[in-house]
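Written below as structure tokens is the structure these notes are about.
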Amino acid sequence: MSVLPIRKFGDEELRRRTEPVTSFDASLQKLIDDMVDTMHAAPGIGLAANQIGVSKRVAVIDLSVGKRPGELHVLVNPQIDAVEGKMTEDEGCLSVPDFTETLVRPERVHVRFLDRNGEPREMWGEGLMARAMSHEIDHLDGQLFVDRLRGFKRDRIVRKIQKLAKAGMW
Ligand code: NI
């Protein structure tokens, strides 16, 4: 198990739609373990495979950041099939470090997915879990939270990142 570097805004891999998983082999198990280690080390509450440069439809979420093993969720080939309500909260991303912005997301999200052994699962997420599920599934589709911001909020973040990149600090 390894802690891997996290790709940042501007990296092409974050913009590519990930490929569905078809084989639940040892390389998938290693990928999942590396993702969990990388997420916990960051520290963060969610990570998508393309954030560590692997174009596979896999996300991990742990709102307890490693404190409670029962709260680790491994989502393989997740799909949102129902949403309810709306909520506005601050949101950030390990690929856009040090930036947060308020963003509207569904309050409840229902997801169908496979677990790390390929068994079908489903779950409702509410509040922060719903936000994390939406955020990570966006990643798997090549989308970042900044894309969902209104123009002026998005432009402000992008401008600051461009400035940092120019100074070699991104
Ligand atoms: Ni993110």
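Looking only at residues in the stretch 28-59 that are free of Cβ contacts under 8 Å to residues at least 40 places away in the same chain and under 15 Å from Asp115 (Cα atoms), the one that is surrounded by the fewest Cβ atoms within 10 Å (Cβ to Cβ) is Lys30. Residues considered: Val60, Val83, Val74. Of these, the only one that is under 16 Å from Gly125 (Cβ atoms), assigned to a strand (DSSP E or B) and within 13 Å of the ligand (Cβ to nearest atom) is Val60.
Only residues that are touching a helix residue (DSSP H, G or I) at 6+ places or on another chain (Cβ under 8 Å) and of a type in the set (Lys, Arg) were counted across the stretch 76-104, and they come to 0.
How many residues does the stretch 116-154 hold that are out of contact with any Cys (no Cβ under 6 Å at 6 or more places or on another chain) and closer than 23 Å to Ile6 by Cα? Residues in the stretch 116-154 being out of contact with any Cys (no Cβ under 6 Å at 6 or more places or on another chain) and closer than 23 Å to Ile6 by Cα: 23 in total.
Per-residue answers, yes or no, for (1) over 18 Å from Leu47 (Cα atoms); (2) in contact with a Lys or Arg (Cβ under 6 Å, 6 or more places away or on another chain):
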position: Val60; (1), (2): no, no
position: Leu63; (1), (2): no, no
position: Asn77; (1), (2): no, yes
position: Ser95; (1), (2): no, yes
position: Asp98; (1), (2): no, no
position: Val104; (1), (2): yes, yes
position: Gly125; (1), (2): no, no
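Mind checking whether some residue in the stretch 117-124 is surrounded by 17 or more Cβ atoms within 10 Å (Cβ to Cβ) and modelled with pLDDT of 95 or more? Break it down into steps so the answer makes sense when it comes.
Here is the first cut: in the stretch 117-124, the residues surrounded by 17 or more Cβ atoms within 10 Å (Cβ to Cβ) are none.
Looking through the stretch 117-124, none of the residues is surrounded by 17 or more Cβ atoms within 10 Å (Cβ to Cβ) and modelled with pLDDT of 95 or more.
Flag set for Val104, criterion: surrounded by fewer than 16 Cβ atoms within 10 Å (Cβ to Cβ), modelled with pLDDT of 95 or more and not in a helix (DSSP H, G or I).
Inspection of the stretch 15-26 identifies no residue that is of a type in the set (S, T, N, Q) and closer than 25 Å to Lys163 by Cα. A search for C-beta distances below 9 Å between a residue of the stretch 144-170 that is assigned to a helix (DSSP H, G or I) and any residue that is among the polar types (S, T, N, Q), counting only pairs 6+ apart in sequence or on different chains, returns Lys153/Thr102.
Of everything listed in (1) of a type in the set (Val, Ile, Thr); (2) within 13 Å of the ligand (Cβ to nearest atom); (3) closer than 22 Å to Asp62 by Cβ, the single unmet condition for Val109 is (2).
In the stretch 115-122, is there at least one residue being under 17 Å from Ile45 (Cα atoms), in contact with a strand residue (DSSP E or B) (Cβ under 9 Å, 6 or more places away or on another chain) and without any contact (Cβ under 8 Å) to a residue 60 or more places away in the chain? Give the derivation first.
Going through the stretch 115-122, the residues under 17 Å from Ile45 (Cα atoms) turn out to be none.
Looking through the stretch 115-122, none of the residues is under 17 Å from Ile45 (Cα atoms), in contact with a strand residue (DSSP E or B) (Cβ under 9 Å, 6 or more places away or on another chain) and without any contact (Cβ under 8 Å) to a residue 60 or more places away in the chain.
The conditions of being among the aromatic types (Phe, Trp, Tyr) and closer than 17 Å to Ala130 by Cβ are not met by Phe99. Taking the stretch 128-155 as the range and being away from the ligand (no atom under 15 Å from the Cβ) and exposed (fewer than 14 other Cβ atoms within 10 Å of the Cβ) as the test, the residues that pass are Arg150, Gly151, Phe152, Asp155.
The values are calculated or read from the model by the stated rules, or taken from the named source; none is laboratory data. All figures in this text were calculated on a predicted structure; none of them were measured in a lab. Cβ sites come from the backbone with ideal geometry, for glycine too, and all protein chains shown count toward neighbours.
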